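*Asks:* If you scroll down you'll find the structure; I have some questions about it.
The values are calculated or read from the model by the stated rules, or taken from the named source; none is laboratory data. Source: prediction; values computed, not measured. Glycine also receives a Cβ, built like all others from the backbone with ideal geometry; neighbour counts cover every protein chain displayed.
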Amino acid sequence: MIVDHIKNLHLYVSLNPNIQTVIDFIEKNDIKALQPGNHVVDSNVRLIREDYVPKPLMQCYFESHQQFGDIQLVLEGTEIFGYLEADDLKFQVTEAYNPEKDVMKGQSLGYFSTVLLTKGMFAMVLKNELHMPKLSNGTQETVKKAVFKVKL
């Protein structure tokens, strides 16, 4: 997992050329003004624009992907973002990998790492990296987020 500020996204283009597509889209569009929902950027990048109030831990889950990585960019608000190593023995699968939805879900039976994502920060997760978005930091503020699904 990579956590950084959006102004530094260009530093990671060497990881996947589709990251440049994300940068170009951000530069040419007012993402915050987009309606929540799914948007096609091109054949290798999709955008899910979300508005939500982060949830308590018991309502969240870890997920991982195999076909698309995530660049989860906070446009407004704050949330806690969880991370767990894929081979962590405390991880328990609750929903097997679904190739149609490109997601596997599960829970941690112990501790896991977290980071506070604030406006302008992103978390990038690649193949099989377990991550838990949408965790509440104790406030009831709405988070506006852009989740770019990048073909791996």
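*Asks:* Which of (1) out of contact with any helix residue (DSSP H, G or I) (no Cβ under 8 Å at 6 or more places or on another chain); (2) loosely packed, with under 13 Cβ neighbours inside 10 Å does GLY82 not meet, given it meets every other one?
*Replies:* Result: GLY82 fails condition (2) only.
*Asks:* Run down VAL74, VAL103, VAL40, VAL3 and say which single residue is among the β-branched types (Val, Ile, Thr) and touching an Asp or Glu at 6+ places or on another chain (Cβ under 9 Å).
*Replies:* VAL103
*Asks:* Among the residues of region 32-71 satisfying the criterion of being acidic (Asp, Glu) and within 16 Å of the chain's Cα centre (by Cα), which is farthest from LYS101 (Cα to Cα)?
*Replies:* ASP51
*Asks:* Additional query: Of all residues in region 94-133, which are surrounded by fewer than 18 Cβ atoms within 10 Å (Cβ to Cβ) and among the charged types (D, E, K, R)?
*Replies:* GLU95, GLU100, LYS101, ASP102, LYS105, LYS119, LYS127
*Asks:* Give me the pairs: first residue in region 67-95 and farther than 27 Å from VAL41 by Cα, second residue in a loop (DSSP other than H, G, I, E, B) and of a type in the set (S, T, N, Q), beta-carbon distance under 8 Å, and six or more apart or on different chains, which are they?
*Replies:* Qualifying pairs under 8 Å: ALA86/ASN128.
*Asks:* Restricting to region 122-152, and then to whatever is assigned to a loop (DSSP other than H, G, I, E, B) and of a type in the set (Val, Ile, Thr), can you tell me which residue is modelled with the lowest pLDDT? Before you say what the answer is, go through the steps one by one.
*Replies:* Kept after step one, since they are assigned to a loop (DSSP other than H, G, I, E, B), are these residues of region 122-152: 126-129, 136-142, 152.
Applying the additional criterion that residues be of a type in the set (Val, Ile, Thr) yields 139, 142.
Working: THR139: 88, THR142: 97.
Residue satisfying both the conditions and the ranking: THR139.
*Asks:* Within region 72-79, identify whether any single residue is of a type in the set (Asp, Glu), touching a Phe, Trp or Tyr at 6+ places or on another chain (Cβ under 8 Å) and buried (at least 21 other Cβ atoms within 10 Å of the Cβ), and answer yes or no.
*Replies:* no
*Asks:* Does PHE81 satisfy the criteria of being touching a Pro at 6+ places or on another chain (Cβ under 7 Å), closer than 26 Å to LEU15 by Cα, modelled with pLDDT of 95 or more and not β-branched (Val, Ile, Thr)?
*Replies:* Considered against the rule, which asks whether it is touching a Pro at 6+ places or on another chain (Cβ under 7 Å), closer than 26 Å to LEU15 by Cα, modelled with pLDDT of 95 or more and not β-branched (Val, Ile, Thr), PHE81 comes out as yes.
*Asks:* Only one of these is more than 16 Å from LYS134 (Cβ to Cβ), surrounded by 13 or more Cβ atoms within 10 Å (Cβ to Cβ) and either among the aromatic types (Phe, Trp, Tyr) or without any contact (Cβ under 8 Å) to a residue 12 or more places away in the chain (or both): TYR61, TYR52, TYR12. Name it.
*Replies:* Going through TYR61, TYR52, TYR12 in turn, the sole match is TYR12.
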